[in-house]
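Trainee: Below is the structure I would like to discuss, written out as structure tokens.
The values are calculated or read from the model by the stated rules, or taken from the named source; none is laboratory data. All figures in this text were calculated on a predicted structure; none of them were measured in a lab. Cβ: placed from backbone, ideal geometry, glycine included. Neighbour counts: every protein chain shown. Ligands, DNA and RNA are stripped out before the accessible areas are found, and what is left, the full protein with its side chains, is counted by its heavy atoms. Shrake-Rupley method; radii C 1.70, N 1.55, O 1.52, S 1.80 Å.
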Amino acid sequence: MTEATAADRPAAAHVELPPMLLAGTALLGLWIVVAIGADWLAPYGPLEQDLSRTLQGPSAAHWLGTDNYGRDVLSRILHGARLDLQIAVLGVLFPFLIGNLIGLLAGYLGGWTDIVAMRLLEVTMAFPFLVLVIAIIAVLGPGLGSLYVALALVGWVSYARLTRAQVLVLKSADFVSAARVMGLGAWRVMWRHLLPNAVTPAVVFAMTDAVLVVLLGSALSYLGLGAQPPAAEWGVMIAEGQQFLASAWWICLFPGLAIVSLAMGFSLLADGLAERLGTRP
Amino acid sequence: MNELLTVAGLAIDVLTREGPRALVRDVGFRLNRGEALGLVGESGSGKTLTCRALVRLLPSACRVVAGKVTLSGAGDLLAMDERALTEVRGRRVAMIFQNPTSHLDPVMRIGEQIAEGLILHQGLDRSVARRRSIELLDEVGIADPAHTVDAWPHQLSGGMRQRAMIAAALACEPDLLIADEPTTALDVTIQAQIIDLLRRLRGTHGLAVILVSHDLALVGDFCERVAVMRAGRIVEAGETAAILAHPRHPYTRELIGSQPRLVPPGHYFPVSGAPAERAPRVKLGGGAPLLEVADLVVTFQRPRRVLDLVRRRPATYVRAVDRVGFALASGDALGIVGESGSGKSTLARAIVGLVTPSAGAIRLVGDERETPRYRRVQMIFQDPLSALNPRLSVAQTLTEPLIVHRLCRRAEVATRVAALMAEVGLDPALAHRRPRQLSGGQCQRVGIARALALSPAILIADEPTSALDVTIQAQILNLLIRLRAERQLALILISHDLEVVRRVCERVIVMRHGRVVEEGPAERIFAAPQAGYTRELLAAIPGTRGFSGGTPLAWQGVA
């Protein structure tokens, strides 16, 4: 009469979170708090120059030293968190939305939609990622806006491929057939039945992608294509400090560590999510 | 002296995060040379784990915590080191599995897989081993063994693969063969062939067999002794004939009572060992016509390989459904019977509109604009878990069709959902569970409730119970029988299980290779089958020996 199920066990059984998920969330949470509270946390303004105190090493007054304009490195790193988090989020969000939409439509509708989407995807993938991004930014003119556009135009392919593959598997699942037999429209089947079940690998990949985008954003800023000086952005800071590397190492080192820690936060989150959701990126 | 295997006090734990949990407790039995023992129980009863423990092939999270397994001439298998155990496995004890596909190495030729054991255990050289492999393939009834020996596993059918696995298992002339659900994945006629083969091999090799199965009828046919397992313990054991005739434990009675062949037509299936109750009578004949299928053809294009395109070979097509026609009136119960590949599921999918027919007509009576197709015909699926969206709770699943098709006002949705759940016998407390937190039977009830939400006139059930245990199968079939009477539903029941169809439906269609082989009243088809294929199907049903002491007697025994 009775069948045992997992849920028949005591309801109090709490869900254990993977330690990597907790560590990643904590690290990212820290940077989000810093980004929000930069105005209060930073001892100086990010653009505040003091030409009498240039290139000073770490001290009580300037914990992480000052740069060649006498700007406080710590304050610039704290304010830079805003820009770098913004790059990570927006640089992933647009490709994520576009890619999932295209993957969903191509996978479910098939036929011409699929053929056109897949050829477009192959053309995009035929170019090296970085070269294509730099080319688009060069055409649009340097700046963060161009960076986001370039990432959206190039980055969607990964999401589209992941989600399309999932949709192709799931669309023959019985619950999708059941939804169609119930007379639900194509949009409803895609939106409510397919997407929530197909999106998991894309979500996990988005976290990995955020790492790449943070590094890419910094690298492009370093090359002068992303955030423009004097903006407080970690890549810009490294670029500006490069010529003083031998005499004033702190100008480059600390923003570099900031980039590494933010990237690690996303990376841990990706691994933790993959474990929690039962998929590997 | 004559004793081959003794198992005593076997206990197995699984290690979980909350600590060890008991899966098997105090299991003991004896097996003589040449004897067959049936291990019967439902999924999760521990029968497979017990067998795997005998050859120490448990999943890594499981541990044997107590017990002794003594094989005559080898000592305690549980205390043996791995090297000595390798000698026992294959040479003394062999095992075959439910799914031959996943237990044959896909990148090794059939002959090599058989020869492997011969070379390892008997030290034969390659050419001798190959000759012996061909002999073995011949012995297990594979036509043209000289060619099959060089075939890859994917080139063989399911039944052939199972034969090949048996040949590999028997290569070293073991004393004991452990067969874990060897025919569950196979069609009924193939099952009969495999069981015949095992019976013959027992005779020629003096082989002892442990047959693990959920199918009591099959065990009744094949085994002299049977042990019934439940929740990790043996609840009853003894001579098969005695246990089938006079079961003592209530669970054994329930198991026997749930066998469709023991239920008189027009009755509910007995649940919890209670006698079969008469189902409410359904007025037969003269119902308003609902559905007419005429000369229906569904074709699929065979996948084309690149080479075909290069050589400009025309695309080839398969007729999954080939000129099928029938009519259905309100209150009818029509059974569609056939083996895998017979086109019965494709037929169902065409009726509900999931597959587009290539020719012929499906006429649903009534105005499409007034009552669209989904309000007239609904479907229940084979795998109850995969038929539910894993992200939606029971309540959400049942709410969706009501809201989307505006079948009731928003304020009434909650009461409608509760009423639907009550109608299919679901505990209201389950409303917020997700499919993974439900049992198979509960999932199937949700699937039925979802179909009923649209109040269809026709309900198509595609193998609704083949993924479920036999006692749960009885409950789900009872639900369908009751709903049919209460809602005046026209039911189309698709099944490979003739006994189930016979109990539920008055009319039966037998399909093979997409065509209708025979059609008529269920009782007539079972009593006097006309087509050769139908006779073959009926003869293949297990249970001809075990329950043969006169069926009426057996179902009185249940009561």
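Trainee: In terms of modelled amide H atoms, which long-range or inter-chain residues lie less than 5 Å from the amide H of residue B:25?
Mentor: Under 5 Å from the amide H of residue B:25 lie the amide H atoms of B:12, B:233, each far enough along the sequence or on another chain.
Trainee: In whole percent, how big is the carbon plus sulfur part of the accessible area of segment B:3-86, probe 1.4 Å, protein atoms only?
Mentor: Carbon-and-sulfur percentage of accessible area, whole number: 50.
Trainee: Kirkwood hydrodynamic radius, the protein assembly as shown, all distinct C-alpha pairs: what's the number in Å?
Mentor: After inverting the mean inverse Cα-Cα distance, the result is 31.7 Å.
Trainee: Let me ask something additional. Set Lys and Arg Cβ to +1 and Asp and Glu Cβ to -1, take the dipole of segment B:175-218 about its Cα centre, and tell me which of B:190, B:176, B:201 lies farthest positive.
Mentor: The listed residue farthest towards the positive side: B:201.
Trainee: Turning to a different aspect of this structure: Under 5 Å between amide H atoms, partner at least 5 residues away or on a different chain: which partners does residue B:460 have, H built in plane at 1.01 Å?
Mentor: Under 5 Å from the amide H of residue B:460: B:378, B:379, B:380, B:492.
Trainee: If you project the alpha carbons of chain B onto the principal axes, what extent comes out on each, in Å, largest first?
Mentor: Principal axes ranked by extent give 76, 62, 50 Å for the Cα atoms.
Trainee: Also: Could you give the alpha-carbon Rg of segment B:202-357 over 2.2 N^0.38 Å, rounded to two decimals?
Mentor: 1.60
Trainee: Taking amide H positions as placed 1.01 Å from N in the peptide plane, with prolines and chain starts having none, which residues 5 or more places from residue B:332, or on another chain, fall under 5 Å of its amide H?
Mentor: Result for residue B:332 returns B:491.
Trainee: Another question about this same structure. Report the antiparallel proportion of the DSSP beta bridges in the protein assembly as shown as a percent, rounded to a multiple of 5.
Mentor: So the antiparallel bridges in the protein assembly as shown amount to around 55 percent.
Trainee: Work out the length of the dipole vector of the protein assembly as shown about its Cα centre, built from +1 on the beta-carbon of each Lys and Arg and -1 on the beta-carbon of each Asp and Glu, and round it to the nearest 20 debye.
Mentor: The dipole magnitude comes to about 1620 debye.
Trainee: Measuring with a 1.4 Å probe in the full set of protein chains, what accessible area per residue, in whole Å², belongs to the protein assembly as shown?
Mentor: The answer is 45 Å² per residue.
Trainee: Averaged across B:381-393, how many Cβ atoms of other chains sit within 10 Å of each residue's Cβ atom?
Mentor: What the average comes to for B:381-393 is 4.
Trainee: Further question on the same structure: Taking every pair of Cα atoms in segment B:341-409, average 1/r, invert it to obtain the Kirkwood radius, and report Rg/Rh to two decimals.
Mentor: Ratio of gyration radius to Kirkwood radius for segment B:341-409: 1.02.
Trainee: Still on this structure, I have one more. For chain A, report the translational diffusion coefficient in µm²/s to the nearest whole number, using Stokes-Einstein at 25 °C, 0.890 mPa s, and a Kirkwood Rh over Cα pairs.
Mentor: The diffusion coefficient I find is 116 µm²/s.
Trainee: Across peptide B:423-429, how many C-beta atoms of other chains are within 10 Å of each residue C-beta, on average?
Mentor: Taking all residues of B:423-429 together, the mean is 0.
Trainee: Restricting to DSSP H runs of at least four residues, report the calculated mean residue ellipticity at 222 nm for the protein assembly as shown, -39500 (n - 2.57) per run over all residues, nearest 500 deg cm²/dmol.
Mentor: -14500 deg cm²/dmol
Trainee: Round to a whole number: what % of the accessible area of segment B:128-260 belongs to carbon and sulfur, probe 1.4 Å?
Mentor: 52 percent
Trainee: With charges only on Cβ, +1 for K and R and -1 for D and E, what is the dipole size of segment B:313-471 about its Cα centre, in debye, rounded to 20?
Mentor: About 560 debye.
Trainee: I'd like the carbon and sulfur percentage of the solvent accessible area for segment A:23-76, probe radius 1.4 Å, heavy atoms only, ligands and nucleic acids excluded.
Mentor: 66 percent
Trainee: Given B:65, B:321, B:495, which one lies farthest toward the positive end of the charge dipole of the protein assembly as shown, if we put +1 on the Cβ of every Lys and Arg and -1 on the Cβ of every Asp and Glu?
Mentor: Positive-end residue among those listed: B:321.
Trainee: Send over the semi-axes of segment B:66-140's equivalent ellipsoid, whole angstrom and largest first, taken as the square roots of 5 times the C-alpha gyration tensor eigenvalues.
Mentor: 27, 16, 11
Trainee: Label points 7 Å out from Cα along the Cβ direction at residue B:66 and residue A:132: separation in nm?
Mentor: Placing both labels 7 Å beyond Cα along the Cβ direction yields 6.5 nm.
Trainee: Only Lys, Arg, Asp and Glu count, each charged at its Cβ (+1, +1, -1, -1), so figure out the dipole size of segment B:167-259 about its Cα centre, rounded to 20 debye.
Mentor: 260 debye
Trainee: What accessible area, summed over both chains, is buried at the B-A interface (1.4 Å probe, Å², nearest 100)?
Mentor: For chain B against chain A, roughly 2600 Å² becomes buried.
Trainee: Pop out the ³J(HN,Hα) list for segment B:250-256 in order, Karplus 6.51 cos²θ - 1.76 cosθ + 1.60 with θ = phi - 60°, rounded to Hz; leave Gly and Pro as x.
Mentor: x, 5, 4, 4, 5, 4, 5
Trainee: Using the Karplus curve 6.51 cos²θ - 1.76 cosθ + 1.60 with θ = phi - 60°, what ³J(HN,Hα) values do you get for each residue of segment B:241-249, in whole Hz, with x for Gly and Pro?
Mentor: Running phi through 6.51 cos²θ - 1.76 cosθ + 1.60 with θ = phi - 60° gives 4, 5, 5, 5, 7, 10, x, 9, 6 Hz.
Trainee: What does the convex hull of the Cα atoms of segment B:318-439 come to per residue, in Å³, rounded to a whole number?
Mentor: Considering the Cα atoms of segment B:318-439, their hull volume per residue is 160 Å³.
Trainee: When you look at the Cβ of every residue in A:178-191, what mean number of other chain Cβ atoms sits within 10 Å?
Mentor: Partner-chain Cβ atoms within 10 Å, mean over residues of A:178-191: 5.
Trainee: Okay, next question. Can you work out ³J(HN,Hα) from phi for every residue in segment B:517-532, in order, using Karplus 6.51 cos²θ - 1.76 cosθ + 1.60 and θ = phi - 60°, giving whole Hz and x for Gly and Pro?
Mentor: 8, 7, 8, x, x, 4, 5, 5, 5, 6, 7, 9, x, 8, 6, x
Trainee: If you don't mind, another one. Rank B:465, B:39, B:393 by how far each Cα sits towards the positive end of the charge dipole of the protein assembly as shown (+1 on Lys, Arg Cβ; -1 on Asp, Glu Cβ) and give me just the farthest.
Mentor: In the protein assembly as shown, that residue is B:465.
Trainee: Using mean Cβ contacts within 10 Å as the protection proxy, how do B:142-151, B:500-509 order, highest first?
Mentor: B:500-509, B:142-151
Trainee: Thinking of segment A:176-220 as a set of Cα atoms, what percent of all their pairs are more than 17 Å apart?
Mentor: 53 percent
Trainee: Another question about this same structure. Using only alpha carbon pairs under 8 Å that are at least six residues apart, calculate the relative contact order of chain B and give it in whole percent.
Mentor: 15 percent
Trainee: Another one. What number does segment A:131-213 give for Rg over Rh if you use C-alpha atoms and the Kirkwood radius?
Mentor: Ratio of gyration radius to Kirkwood radius: 1.16.
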